[in-house]
Amino acid sequence: MFAEALEYLITPAEPWARKLGYLKESIAIRARHRRCRSDWAEHLTRSNKFIEAIIKKIGGGDSVLVLGAGTCLDVPIAILCSAFKQVYLVDAVHLRSWSLSRNRKVKRIVKDLTGVADYLITNSQRLPSPPAIDWFLDDPRIDLVVSANTAPQLGAMPLKYLSRHMEIDMAAGKMFEAVLMQRHFQWLNSFTCPSVILCDAVRTMFDPDGSVCSVESLLDQMELGFPAEKWDWLVAPVGEEVGGGGMKTEVHAYCDRLPA
Ligand SMILES: C[S@@+](CC[C@H](N)C(=O)[O-])C[C@H]1O[C@@H](n2cnc3c(N)ncnc32)[C@H](O)[C@@H]1O
């Protein structure tokens, strides 16, 4: 607890990343990984192997863009570094990592993938319209884009923040989350290079007694087609969530525009 509080104080982060809770959440994810290492192992292995297999197929290239990179638990960073000249890791916040920060091929970029976070800290009274995203589309050096278990999380922090300032109708909140995901996928779809999507598709919440409390489909109407692979991820065994419950997701893996 003390180590996490200290990390919160000393980690550099944009004002919006602190206010909307991205920094706190990133620290919490890393701490949960430490606690749930064995429960996460298969998910992390499958995520890494999926990306690795795609890199083998395309044979590397100039630059790779990893969206929602976090601390690269689910991304084969060494293989990316050997296959590409430049590895861009994009996230709302980057925790201190000695190995990543001293790696000359890695560039860690702070960016809000929703395009609404900065706006929200001064306009917290209504749900904003998520903008279309076009970053890096005109950069011909990008040879692979990876969305690393991030898309369904895009709405979480903005909604959590807004709900402290205004009443949010449940349907409007769901619609907001869906539009953010759509914008993200439309952006990925606009690249001409191959793209990989690793993404929670079904979320199951458990009560403290282990019974299923809710099951939610997250990718309805996203038109992603059939996943190339899918697997379960026990994100939080029962007892781990606030209130004593748990969470499991079904992760879907997609790849688009692979060379023939
Ligand atoms: C479930 S974690 C993915 C794990 C990460 N790939 C790893 O291996 O550590 C989701 C990641 O998405 C990032 N994220 C969520 N919303 C974001 C946003 N609006 N802009 C940029 N990154 C965001 C979080 O900070 C977090 O690192």
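What's the center-to-center distance, using Cα atoms, between the stretch 107-125 and the stretch 45-72 in Å?
The stretch 107-125 and the stretch 45-72 have Cα centres separated by 25 Å.
When only Cα pairs under 8 Å and 6 or more residues apart are kept, what is the percent relative contact order across the chain? If you can, show how the numbers build up before the last one.
On the way: 443 pairs, mean separation 46.7, N = 260.
Answer for the chain is 18 percent.
Using DSSP to call loops (not H, G, I, E or B), can you name the GluC sites (Glu not before Pro) in the stretch 208-253 whose Cβ has at most 14 other Cβ atoms within 10 angstrom?
Those that pass, being in a loop and sparsely packed, are GLU223.
Tally the DSSP beta bridges in the stretch 2-256 and give the antiparallel ones as a percent, rounded to 5.
50
Looking at the stretch 18-72, which chymotrypsin sites (Phe, Trp or Tyr not before Pro) are DSSP coil and have at most 12 other C-beta atoms within 10 Å of their C-beta? Mind showing how you got there, number by number?
Numbers: sites: TYR22, TRP40, PHE50; in loops: none.
When the chymotrypsin sites (Phe, Trp or Tyr not before Pro) of the stretch 18-72 are filtered for loop state and at most 12 Cβ neighbours within 10 Å, nothing remains.
Against the longest principal axis of the chain, how steep is helix 22-35, in degrees 0 to 90 to the nearest 10, with axes from Cα atoms?
80
How much length would be gained if the chain were fully extended between GLU52 and LYS230, taking 0.36 nm per residue of separation minus their Cα-Cα distance, in nm to one decimal? Write out the running numbers ahead of the final one.
Numbers: separation 178, 0.36 × 178 = 64.08 nm, distance 1.57 nm.
Additional length available on full extension: 62.5 nm.
Placing unit charges on C-beta atoms (Lys and Arg positive, Asp and Glu negative, everything else neutral), compute the dipole magnitude of the chain about its Cα centre in debye, rounded to 20. Before the final figure, lay out each step's value.
Values: 30 positive and 31 negative charges, 213 e Å.
The dipole magnitude comes to about 1020 debye.
Quick one: in the stretch 182-260, what % of C-alpha pairs are over 18 Å apart?
Numbers: 1534 of 3081 pairs.
Distances greater than 18 Å cover 50 percent of the Cα pairs.
For the stretch 111-260, what's the relative contact order in percent, using C-alpha pairs closer than 8 Å and at least 6 residues apart? Mind showing how you got there, number by number?
Numbers: 240 pairs, mean separation 34.3, N = 150.
Value for the stretch 111-260: 23 percent.
Let me see the P(r) profile for the stretch 80-147: every Cα-Cα distance counted, bins of 5 Å, each bin given as a percent of all pairs.
Histogramming the stretch 80-147 at 5 Å steps yields 3, 13, 20, 21, 17, 12, 9, 5, 1, 0 percent.
In nm, give the distance between the simple-model label positions of ASP134 and ARG96, each being 7 Å from the Cα along the Cα-to-Cβ direction.
About 4.0 nm, to one decimal.
Restricting to DSSP loop positions (anything but H, G, I, E, B) with no more than 14 other Cβ atoms inside 10 Å of their own Cβ, which trypsin sites (Lys or Arg not before Pro) remain in the stretch 167-260? Let's see the in-between values first.
Values: sites: LYS174, ARG183, ARG203, LYS230, LYS248, ARG257; in loops: ARG257.
Those satisfying the criteria are ARG257.
For the chain, find the longest principal axis of its Cα atoms and tell me its angle to the long axis of helix 37-58, 0 to 90°, nearest 10.
Compared with the principal axis, the helix lies near 30 degrees.
Could you list log10 I(q)/I(0) for the chain at q = 0.15, 0.16 Å⁻¹, which the Debye formula gives when each Cα is one point scatterer?
Treating every Cα as an identical point scatterer, log10 I(q)/I(0) equals -1.22, -1.41.
Can you give the relative contact order of the stretch 169-258 as a percent, counting alpha carbon pairs under 8 Å and 6+ residues apart? Working shown, then result.
Numbers: 147 pairs, mean separation 30.0, N = 90.
After rounding, I find 33 percent.
Grab the other residues whose beta carbon is less than 12 angstrom from that of SER195, score K and R as +1, D and E as -1, and report the net.
Numbers: positive: ARG257; negative: ASP143, ASP256.
Value of the local net charge: -1.
Between LEU44 and SER190, 0.36 nm times their residue separation minus their Cα-Cα distance comes to what?
Values: separation 146, 0.36 × 146 = 52.56 nm, distance 2.73 nm.
Gain in length upon complete extension: 49.8 nm.
How much length is gained if the chain between ALA78 and LYS105 is pulled fully straight, taking 0.36 nm per residue apart and subtracting their Cα-Cα distance, in nm to one decimal? Please list the in-between numbers first.
Details: separation 27, 0.36 × 27 = 9.72 nm, distance 1.02 nm.
Gain on extension, ALA78 to LYS105, equals 8.7 nm.
Quickly work out the ASN123-to-VAL242 label distance, labels modelled 7 Å from Cα along the C-beta direction, and quote it in nm with one decimal.
2.7
Can you give the net charge of the other residues whose Cβ lies under 14 Å from the Cβ of ASP220, counting K and R as +1 and D and E as -1? Intermediate results must be reported in sequence, preceding the final value.
Numbers: positive: LYS174, ARG203; negative: GLU177, ASP200, GLU216, GLU223, GLU250.
Computed value for this residue: -3.
Computed from the coordinates by the stated procedures, all read-outs in this text should not be read as laboratory data. Since the model is a prediction, treat every value here as computed from it, not as a measurement. Ideal geometry is used to build each Cβ from the backbone, glycine not excepted, and the neighbour counts take in all protein chains shown.
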